[in-house]
Amino acid sequence: MGLLEPLLKISPLTLAAVLVFSPALFGVVVFAVRTKWSRKGVVTVAGWVLTLAAITVFAIAFVSRTALSATLPAKAAPWSMIVAGGDLALLAAILVIAVRFRSAMVFGVALVQLAVVLYAELTGGHAAEAAPSVFIDWLSVVMVMIVSVIGSIIAVYGLPYMKEHERHLGIDEAGSHRPGFFLTMLVFLGAMNGLVISDDLRWVFFFWEVTTLCSFLLIRHDGTDLANTNALRALWMNTLGGVGFAVAIVLFGAHAHTYSVQALLRSPMGAAASLPILAALACLMFAAFTKSAQMPFHSWLLGAMVAPTPVSALLHSSTMVKAGVYLLMRFAPAFHGTQLSNVLAIAGGFTFVATAFLAIGQTNAKKILAYSTISNLGLIIACTGLNRPLALAAAVMLLIFHALSKGLLFMACGVVEHGIHSRDIEDMQGLVNRMPLTTLIMVIGILSMLLPPFGVLIAKLAAIEASVHLPLAMGMLVIGSTLTVAFWTKWTGRLLASEPGAVHPKIEHLHVMYFVPLVLLTVGAVAFSLAVFPLLTELVEPAVTQYYALVPGAAGGVDLSTDVLAVPWLLVFGVMATAVLAPVLVARTRPDEEVGAYMCGEQIETPNGSGFITVAEQSCSLSIRGHYFERYVGEDRHTLWMSLVAASLIAGMFGSVAVR
Amino acid sequence: MMAEYLTALAAVLAAPFLGGILMGLDRVVSARLQSRQGPPLVQPFYDILKLFAKRRMAANTFQMISVSVYLASMVLSLALLVMGQDLLVLLFILALGNIMLILGGFSVKSPYSQLGSQREVIVLLAYEPLLVCMVVGTYILTGSFSAASVFGLERPLALSMPAFVITQTLVMAMKLHKSPFDVSASHHAHQELVRGIYTEFSGPQMAVIELAHLYELVLLLGFIVLFWHTNLVVGIVLALACHAAVIVLDNVSARMTTRWMFGFTWSVGLALAAANLAALYATGPLPR
Amino acid sequence: MGLIDIARSKSPWILHFDAGACNGCDIEILACLTPVYDVERFGIINIGNPKHADVLLVTGTVNKRSARVLRNLYDQMPDPKAVVAIGACALSGGVFHECYNVLGGVDSVLPVDVYVPGCAPKPEAIIEGVVMALGKMQEREHARKRGAA
């Protein structure tokens, strides 16, 4: 404790400055000094700085056990002007993009947003100066850790990835787009940190829009037609969400007379809130739905998969899409006990089920990961809507474990893609023979998404328990969880389908900057899962309890039933570990003899692996495909009606404002 | 605490014997239904011992891991049930075992075991919601997911959750690969896709799978005993009646398609579950 | 006789392969499964998968096309295992002995433990053949154990 004492003296503002500005500064260096070694060095150092800053924040929060907050003096600068200028500059950039790419959609939505922002600026004069204020509670700490630590790991992984990526595209060092790429990535990390530690909604909004723009730039990074189209779609959808956010700000300013999130949470909320305040909350939910790619806005995230894999890993699974759910979790006490909250749970639950269903029919690995991401975000939103301490604890745990596992899976996918030049899981058949190490990591990543004793499952248990009071949501969680099992199991099955005989594969060589990030996240996913209960009882539970202390009548701890905790987990882990390790370690259980598959006695070896003799003594090589049930779960059959249902649920959210 | 562990240990040790006898009974009854004499009652033990003594032949090492985790998950689930632990956790541990077996089937590039595994995924999809709904039903009644809290109820579950006796019987038929649900492999030596998901497991690995089946049978029957925990004799009679129903169903019905099975369980099965849950919500005391 | 020996003799699982028979012998084998003979009384199951089987029942002549398949099936059966040749054709090629494509009986490809003669053999004879094969299989296994020790 004594050692940590000096930490407490570090001003939150200093930390905030490091978290927000240092990545951007490093990014500028990367952009300006264009040599290979400086890029590697600077990105790695930026990663370390961010990681250390995040760990410091964590340590301070852990020691002090209270939220950190600080505000810059209001008189120090014309803050409102600065933030308004920032907003307008971003909008100008979006308008320029719209004109350049001739996108009427983006232009129109941006114009609407411009109108709302201008209205806010003109009418919001009575509110206090927008001095940057920092509020770091446990939720922020979790987000900062995810953004800074996992984000840094992914950025480092991006170094060899982008090099190979450009080599494939035939771009030489001189024409490399990498400086711009890493600049955007690093600026994004800073903005994301800013988003989760700011207390003033106007600043949150500013950072929100920065991430939108970064996302656009990174999706269209390869500059193909498809990349441009998908990037523009992401842009207009997110800008539309921005409109919702801006409207919420206007409403809060006019009716609550404050933009501070903490002040808002302390004003009459929930059942006591006035109609415009509830409407503002519904607008925020709308914004969150676009950012977190919930149905019917999920198409932008699917399209975003054209971006290079580090982008998908960082923005489109681990961090940026979490901004939406973060916002909802932040405001959860505000809509506690309202109909709005229930509708939110149903809407989130619907996306959870619908996208898990659609994922079953996919063969494109990144698309499966995208659907699964949307699905998990839906689950987190459903938890937020359930709005009980236990549900929120589940949501926080899902944030952590999903970021770890999905970051890992995307990175592993990227490595595989460069190894086999495909992202189709059919082409990954028998990958265990070709890239055993990556396959092992991938399988651990997949299993960590759905099986005990991994953390995602424990969070799901908690979510189901919390949902019992809302039967419809519960049904969705149960069915969604079941569907999830299907596509992960099928994918893992393809990875493991090995040619008999080829049982002693050579372990492939991985670039050290692939290997280290992958191993770090694998170890992280496993270690956090093993420590899930201490994590829950020591960290998440106190935080959530504190959180709901704001809400009258919602007090009470995280009642994750003692049943789950009482399970003799040590015994479970012990038996499972023995079961996995025994066949590997004990030589006696190794096969005496390795034989090929049964093929009615007609099996032969062909140049393409195993095969069989067919009519007229023809030899034929065996090829096996997974079954994806396209006829039943195909996207083109279901996306339309699912989107309509989801849209009507969003309309229902606004409708429920009226009935409370 | 110690007593709990000892009971669990006793159950784990006794289960294979009990399961073996029940499985033998199943084969005898099936034979009689087909007007045959059938094998000796202890036939399953002969089969397992023989399989253990065969030479170890495998397509890859992962098969070994998959069957050992499958067995471990069955043993653990049974122990957790006896110890009165969280039922939801139990279900997921059970699912872990099944998924590992499916992956074991997938791990060989063999047409039969691949197709068997594909179908087993659908079987898993078909019964998993029914199991979870059952556990949710107990939660509505007791305010807890633990089996111990069911032991504490005064009224037998079968009276408040009658529809779930039916769904549990269906789940049992599906998990034991009985007709009309034996799409991924067959419990008896009927040949569907050769031996479906089991095709590529041989000798000792197959023995481990058979042993796990004995545990699975006891566990499934244990679930049904739970429905009449107030009087164990009635509970056991109920469980045996359900088992008999499954055997008769197996012998009087033909194998159906995966699509039919999925449609049937998700429509009829889930409707039964939903109706019972709705009744529980309407009448049952939801604590807290 | 140890427990394992008992188990082995009580649980012979069968793989039936028709290497080129007229189906007469096959019908007799299937008759063994019917309620009249009910071989499951002895724990015998027609398993249809070499990886699970203990005893290989072969009917018919071995010809150039079926020899390879027969060999493959035999190789996929884990030890200990036994082979029973059923019917005149499987013993020697029978009436097809001199045919251009016929290699001869099963023993031209595999080591046969028991020959069950007849055209076609009676089910009782087939069942006895399996029982005898089990005895030879056990003896072989014991001899192997002694040799290893």
Between the Cα axis of helix A:339-359 and the main Cα principal axis of chain A, the angle (0 to 90°, nearest 10) is 20 degrees
Asserting the computed 222 nm helical MRE of chain B (DSSP H runs at least 4 long, -39500 (n - 2.57) per run, divided by residue count, to nearest 500) equals -23500 deg cm²/dmol
Compactness check, segment A:143-210: C-alpha Rg relative to the 2.2 N^0.38 Å globular estimate gives 1.36
Per-residue average of other protein chain Cβ atoms inside 10 Å, peptide B:82-89 -> 5
Given a Förster distance of 56 Å, the FRET efficiency implied by the Cβ-Cβ spacing of A:Glu538 and C:His97, rounded to the nearest 0.05, works out to 0.10
Given a Förster distance of 51 Å, the FRET efficiency implied by the Cβ-Cβ spacing of B:Leu9 and A:Leu440, rounded to the nearest 0.05, works out to 0.90
Percent relative contact order for chain A, counting Cα pairs under 8 Å at least six residues apart, stands at 14 percent
If every Lys and Arg gets +1 and every Asp and Glu gets -1 at its Cβ, then about the Cα centre chain B yields a dipole, in debye to the nearest 20, of 560 debye
Given A:220-233, A:437-450, the highest-first ranking by average Cβ count within 10 Å works out to A:437-450, A:220-233
For A:Lys460, the lysines lying under 24 Å Cα to Cα, once residues fewer than eight places off in the same chain are dropped, come out as A:Lys291, A:Lys322, A:Lys366, A:Lys367, A:Lys406, A:Lys490, B:Lys175
Once both label points are put 7 Å beyond Cα along the C-beta direction, the B:Phe264-A:Asn364 separation in nm becomes 3.8 nm
Expressed as a whole number, the average count of other chain Cβ atoms within 10 Å around the Cβ atoms of C:3-10 is 5
Stokes-Einstein D for segment B:39-127 (37 °C, 0.692 mPa s, Kirkwood Rh from Cα pairs), in µm²/s, comes to 222 µm²/s
Burial-style ranking of A:110-118, A:275-283, average other-beta-carbon count within 10 Å with highest first, yields A:275-283, A:110-118
Along principal axes, largest first, the alpha-carbon spread of segment A:59-115 in whole Å comes out as 53, 29, 17
Counting sequence-distant residues (5 or more places) and residues on other chains, those with an amide H built under 5 Å from that of C:Val83 are C:Leu56, C:Asp113, C:Val114
Of the convex hull enclosing the alpha-carbon atoms of segment A:273-377, the direction-averaged projected area in nm² is 6.3 nm²
Label model pair A:Thr606, A:Ile55: point-to-point distance (7 angstrom along the Cα→beta-carbon line) in nm is 5.5 nm
Counting only DSSP loop positions in segment C:11-71, the trypsin sites (Lys or Arg not before Pro) whose Cβ has at most 14 other Cβ atoms within 10 Å are C:Lys64, C:Arg65
Per segment B:2-283, sqrt(5λ) over the Cα gyration tensor eigenvalues, sorted largest first, in Å, gives 29, 21, 19
Ranking C:Leu134, C:Ala148, C:Met77 by how far each Cα lies towards the positive end of the charge dipole of chain C (+1 on Lys and Arg Cβ, -1 on Asp and Glu Cβ), the top one is C:Ala148
For segment C:3-148 the mean separation of alpha carbon contacts under 8 Å (6+ apart) over residue count, i.e. relative contact order in percent, is 26 percent
For A:Lys36, the lysines lying under 18 Å Cα to Cα, once residues fewer than eight places off in the same chain are dropped, come out as A:Lys163
Per the C-alpha gyration tensor (a ≥ b ≥ c, the square roots of its eigenvalues), segment C:1-68 is rounded if a/c is under 1.5, else prolate if a/b beats b/c, else oblate; here it's oblate
The Cα extents of the protein assembly as shown along the principal axes, largest first and rounded to whole Å, are 109, 74, 57
Rounded to the nearest 0.05, FRET efficiency between A:Ala616 and A:Phe573 (Cβ-Cβ, R0 45 Å) equals 0.20
Looking only at aspartates and glutamates whose Cα falls under 17 Å of C:Lys136's and that sit 8 or more positions away or on another chain, we get C:Asp5, C:Asp54, C:Asp79, C:Asp107, C:Asp113, C:Glu128
Summing +1 per Lys or Arg and -1 per Asp or Glu among the other residues with Cβ less than 11 Å from B:Leu101's Cβ gives -2
For chain B the mean separation of alpha carbon contacts under 8 Å (6+ apart) over residue count, i.e. relative contact order in percent, is 26 percent
Given 10 °C, 1.306 mPa s and a Kirkwood radius over Cα pairs, the Stokes-Einstein diffusion coefficient of segment A:122-253 in µm²/s is 95 µm²/s
If every Lys and Arg gets +1 and every Asp and Glu gets -1 at its Cβ, then about the Cα centre the protein assembly as shown yields a dipole, in debye to the nearest 20, of 1020 debye
In degrees, nearest 10, the alpha-carbon axis of helix A:471-496 is tilted away from the dominant principal axis of the alpha carbons of chain A by 40 degrees
Of all C-alpha pairs within segment C:48-145, those more than 17 angstrom apart amount in percent to 50 percent
The ratio Rg/Rh over the Cα atoms of segment B:171-272, Rh being the Kirkwood inverse mean 1/r radius, stands at 1.01
Out of B:Met256, B:Met83, B:Met172, a Gaussian network model of chain B with alpha-carbon springs under 10 Å gives the largest mean-square fluctuation to B:Met256
Taking Cα atoms only, helix B:61-82 is inclined relative to the longest principal axis of chain B by an angle, in degrees rounded to 10, of 30 degrees
Under the rule rounded for a/c under 1.5, else prolate if a/b exceeds b/c, else oblate, using alpha carbon gyration tensor axes a ≥ b ≥ c, segment B:8-63 is classed as oblate
Compactness check, segment B:200-244: C-alpha Rg relative to the 2.2 N^0.38 Å globular estimate gives 1.49
Per residue of A:614-626, other chain Cβ atoms within 10 Å number on average 2
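Read-outs throughout are calculated quantities, based only on the coordinates presented, and are distinct from any laboratory measurement. Keep in mind it's a predicted model, so treat the numbers as computed, not measured. When we count neighbours, we look across all protein chains shown, and the Cβ atoms used for this are built from the backbone with ideal geometry, even at glycine.
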